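Written out below as structure tokens is the structure these notes cover.
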Amino acid sequence: MFELPELLTLAVQVNETLDGKVVRKGSLGNAPHKFVWYNRSPGEFEALTRGKKIGKAWVRGKWLFIPREPGYVLLLGECGARVLFHPPGAAVPKKFRLHLAFEDGSALTAMTQMWDELDLHNRRGGYVRIMDKNAVGRPCPQCRSKVEKIQYLGGVCYYCPGCQE
């Protein structure tokens, strides 16, 4: 499941690595998964991504917004994924939920993954955890409300009810 530090890191890396790249072909998943939902058919997605330029990514909550200009936004988040950049000539995974091939021969793929914090370049995230099992019942570093634990989609989430009203 994506955590805010992962998404913030991914947004910075998307902006450093993908900003301005033009999509040659976009493909939706070739291996079904029960936690992945699409709002377009594969054919529609391919048509909507072809020729679109990647813009500056941003984060809101647990969602990563990646503009495909003009007029569209790729939205990743909530359930988590391994989002990877592949330089020109690098192999891409055989199974994926999303594949964007760029005109320069590089690619972006996403696979469903609920844990194992990796960045866009397949390196361990290295983020400092703030909301984890050790934070439950302690004051939030931002607003001082007590951090809570809830069950969500078969996993556990730690959050501050004061900050996430």
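What follows is calculated from the coordinates using simple rules that are stated; it is not laboratory data. What you see is a predicted model, and the numbers here were worked out from it, not measured in a lab. All Cβ positions, even for glycine, are placed from backbone atoms using ideal geometry, and neighbour counts span all protein chains on display.
Taking amide H atoms as placed 1.01 Å from N in the peptide plane, the amide H of residue 140 lies under 5 Å from those of 145, 146, 147, each 5 or more residues away in sequence or on another chain.
Exceedance of the 20 Å cut-off in Cα-Cα distance is limited, within the set 52/95; 25/94; 56/94; 25/62, to 52/95; 56/94; 25/62. Angle of helix 4-17 to the longest C-alpha principal axis of the chain, folded into 0 to 90 degrees and rounded to 10: 30°. What is the sum of charges around residue 137, taking Lys and Arg as +1, Asp and Glu as -1, for the other residues whose C-beta is under 13 Å from the C-beta of residue 137? Cβ neighbours under 13 Å give a net charge of +3. When 94, 149 are sorted by how many other C-beta atoms sit within 10 angstrom of their C-beta, beginning with the fewest, the order is 94, 149. By the count of other C-beta atoms within 10 Å, a proxy for reagent exposure, 65, 96 are ordered fewest to most as 65, 96.
Relative contact order, whole percent, for the chain stands at 21, derived from Cα pairs under 8 Å and 6 or more residues apart. When the chain is treated as a GNM with alpha-carbon contacts under 10 Å, the residue of 84, 28, 74 showing the greatest mean-square fluctuation is 74.
Distance from the C-alpha centroid of segment 142-165 to that of segment 56-105: 27 Å, rounded to the whole angstrom. Kirkwood hydrodynamic radius of the chain, from the reciprocal of the average inverse Cα-Cα distance over all distinct pairs: 16.9 Å. With a Förster radius of 25 Å applied to the C-beta separation of residue 58 and residue 94, the computed FRET efficiency comes to 0.20. For the chain, adding -39500 (n - 2.57) for each run of n ≥ 4 DSSP H residues and dividing by the number of residues yields -4000 deg cm²/dmol at 222 nm.
The share of alpha-carbon pairs in segment 89-165 lying farther apart than 15 Å comes to 69%.
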